[in-house]
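Below: the structure, in structure tokens.
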Amino acid sequence: MTKNGHITLVTGGARSGKSALAERLVARHAGPRIYIATAQAGDAEMAERIQLHQLRRNDAWTTIEAPHDLTGALHASDGQGVRLVDCLTLWLSNCLGSADFGALVGTLRQQCCPVVLVTNELGHGIVPDNALARKFRDQHGWMNQAVGDIADEVWISVSGQPLRLKPMRESPDEII
């Protein structure tokens, strides 16, 4: 658990409603809203996806583009309002294996203002057929575990339906 700012992790599959859920969770916090975008418009289809996300937000949001320096963006924006990071999966992909999620976790622990982070849930599919894809999937899973471990709340969106995973009502280590 964090000692300062409230950290929330939202996960789910593709088109599961996780970004919309994260935006709803941000709305629970008063004050300015900052969107930290990790996506890059490398083609027309991705540019359209980015535009759809932008259309959902109103002018009350400030956008910071941070496809690579996510920790820098978090440090620079702390104290200015609640932040929504969308998404960790793209950030990890953008960094091509050089993402330091240990530094990310350390930065998250130091935040004074709330942070809501969106990530994908990649481990439910088949085992990829090549080493690079398996390495990415493994790094992604370890990153999600590390962020989920320090998060105050963890949510998953399935078919547009939110489910809170943390804090749990009961512990799996509890003796029954």
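Observations on the structure shown:
- The criterion of being surrounded by fewer than 20 Cβ atoms within 10 Å (Cβ to Cβ), under 23 Å from His140 (Cβ atoms), at pLDDT 95 or above and of a type in the set (D, E, K, R) holds for Asp69.
- Residues located in the range 1-30, provided they are under 21 Å from Gln80 (Cα atoms), of a type outside the set (A, V, I, L, M), in a loop (DSSP other than H, G, I, E, B) and modelled with pLDDT of 90 or more: His6, Arg28, His29
- Of the residues making up the range 59-67, at least one is outside any loop (DSSP other than H, G, I, E, B), over 20 Å from Arg24 (Cα atoms) and in contact with a strand residue (DSSP E or B) (Cβ under 9 Å, 6 or more places away or on another chain).
- All positions within the range 70-107 that are assigned to a loop (DSSP other than H, G, I, E, B), among the acidic types (Asp, Glu) and within 22 Å of Glu23 (Cα to Cα): Asp78
- Among the residues of the range 161-176, the one identified as out of contact with any helix residue (DSSP H, G or I) (no Cβ under 8 Å at 6 or more places or on another chain) and under 13 Å from Ala20 (Cβ atoms) is Gln161.
- Scan the range 31-41 for residues that are part of a loop (DSSP other than H, G, I, E, B), in contact (Cβ under 8 Å) with a residue 12 or more places away in the chain and either touching an Asp or Glu at 6+ places or on another chain (Cβ under 8 Å) or at negative phi (or both) and the total you get is 4.
- For the condition touching a residue at least 24 places away in the same chain (Cβ under 8 Å), closer than 28 Å to Val158 by Cβ and surrounded by fewer than 17 Cβ atoms within 10 Å (Cβ to Cβ), Gly13 qualifies.
- Filtering the range 122-158 to residues that are in a helix (DSSP H, G or I) and aliphatic (A, V, I, L, M) leaves Ala131, Leu132, Ala133, Met143, Ala146, Val147, Ile150.
- When Gln161 is tested against (1) under 15 Å from Leu88 (Cβ atoms); (2) in contact (Cβ under 8 Å) with a residue 24 or more places away in the chain, exactly one condition is not met: (1).
- Residue, modelled with the lowest pLDDT, within the range 94-122, restricted to residues that are of a type in the set (Gly, Ala, Ser) and farther than 28 Å from Arg28 by Cβ: Gly97
- Residues satisfying the stated conditions in the range 104-146, i.e. polar (S, T, N, Q) and either closer than 22 Å to Leu74 by Cβ or touching a strand residue (DSSP E or B) at 6+ places or on another chain (Cβ under 8 Å) (or both): Thr107, Gln110, Gln111, Thr119, Asn120, Gln139, Asn144, Gln145
The values are calculated or read from the model by the stated rules, or taken from the named source; none is laboratory data. Remember, it's a predicted structure, so these values are computed and weren't measured experimentally. Backbone-built Cβ (ideal geometry, glycine too); neighbour counts: all protein chains shown.
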